[in-house]
1. Counting only residues that are hydrophobic (A, V, I, L, M, F, W, C) and under 9 Å from the mean Cα position of the chain (by Cα), which one in region 59-77 is farthest from residue 110 (Cα to Cα)?
2. Looking at the structure I just gave you, is residue 19 of a type outside the set (Ser, Thr, Tyr), at pLDDT below 90 and part of a helix (DSSP H, G or I)?
3. Considering each of 71, 97, 75, 131 in turn, give the residue that is surrounded by fewer than 13 Cβ atoms within 10 Å (Cβ to Cβ) and either out of contact with any His (no Cβ under 7 Å at 6 or more places or on another chain) or part of a helix (DSSP H, G or I) (or both).
4. Which condition number does residue 52 fail, the rest of (1) assigned to a loop (DSSP other than H, G, I, E, B); (2) more than 14 Å from the chain's Cα centre (by Cα); (3) modelled with pLDDT under 95; (4) loosely packed, with under 14 Cβ neighbours inside 10 Å being met?
5. If residue 115 meets every condition in (1) loosely packed, with under 15 Cβ neighbours inside 10 Å; (2) aromatic (Phe, Trp, Tyr); (3) touching a Leu at 6+ places or on another chain (Cβ under 7 Å) apart from one, which number is that one?
6. Just a yes or no: is a residue in region 83-94 among the basic types (Lys, Arg), under 16 Å from the mean Cα position of the chain (by Cα) and modelled with pLDDT of 90 or more?
7. Output the number of residues of region 55-68 satisfying the condition of being surrounded by 10 or more Cβ atoms within 10 Å (Cβ to Cβ) and either modelled with pLDDT under 55 or part of a loop (DSSP other than H, G, I, E, B) (or both).
8. Within region 78-90, track down each residue that is within 12 Å of residue 58 (Cβ to Cβ) and not polar (S, T, N, Q).
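The values are calculated or read from the model by the stated rules, or taken from the named source; none is laboratory data. Being a predicted model, the structure only gives us computed values, none of them experimental. Cβ coordinates were reconstructed from backbone atoms using ideal geometry, including for glycine residues, and neighbour counts include every protein chain displayed.
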Amino acid sequence: MMRRVYWLICVMCFACASEKDGDQNTVDYRKAVNHASHSLGIEPHLEDLPMPFDSQMWQKKEGDAYPFRPEIYREVLYSQELRALSKPEVLRVLGPETRSENNHYYYTIDQVKAFGFWSMKLRSLVVKFDEHQQVEWIKLYE
């Protein structure tokens, strides 16, 4: 019995390692260079680098999901450029909101649904505009 458990663990570890390696022929568009670590001879890990913001990728929707938002929401959350825009400009860049109320605009990042319709876990990016139609704050709602 113990041998079977050990064998199963070994198979699972090797299976996971082969998935991490990935296809060597694919092109990764996130090949940014962190100059501070690069000058020290340390190569950054691609999965640690944020995906650059792209308005079309942010707005892309597949079914009920936004496949790129979990990768790029931090770029929106901490963007000083976005905070400097007016409300119409922000709405043009981010596209239609999931919902809005009282100058709070919610953009769904990801959600886990139960029974196909009830959201058990929802993450949204919230943009609040002030009375002058300027960004007051951008926060993550979990």
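1. Looking at the filtered set, the residue picked out is 72.
2. Answer is yes for this residue.
3. Numbers: 71 fails: surrounded by fewer than 13 Cβ atoms within 10 Å (Cβ to Cβ); 97 fails: surrounded by fewer than 13 Cβ atoms within 10 Å (Cβ to Cβ); 75 fails: surrounded by fewer than 13 Cβ atoms within 10 Å (Cβ to Cβ).
Within the list 71, 97, 75, 131, the selection yields 131.
4. (2)
5. (3)
6. Checking region 83-94: not a single residue is among the basic types (Lys, Arg), under 16 Å from the mean Cα position of the chain (by Cα) and modelled with pLDDT of 90 or more.
7. Within region 55-68, the subset surrounded by 10 or more Cβ atoms within 10 Å (Cβ to Cβ) is 55, 57-61, 64-68.
Next, only the ones that are either modelled with pLDDT under 55 or part of a loop (DSSP other than H, G, I, E, B) (or both) stay: 60-61, 64, 66-68.
Looking only at that region, the number is 6.
8. Our first condition is that a residue be within 12 Å of residue 58 (Cβ to Cβ); within region 78-90, this holds for 79, 82, 90.
Within region 78-90, 82, 90 qualify.
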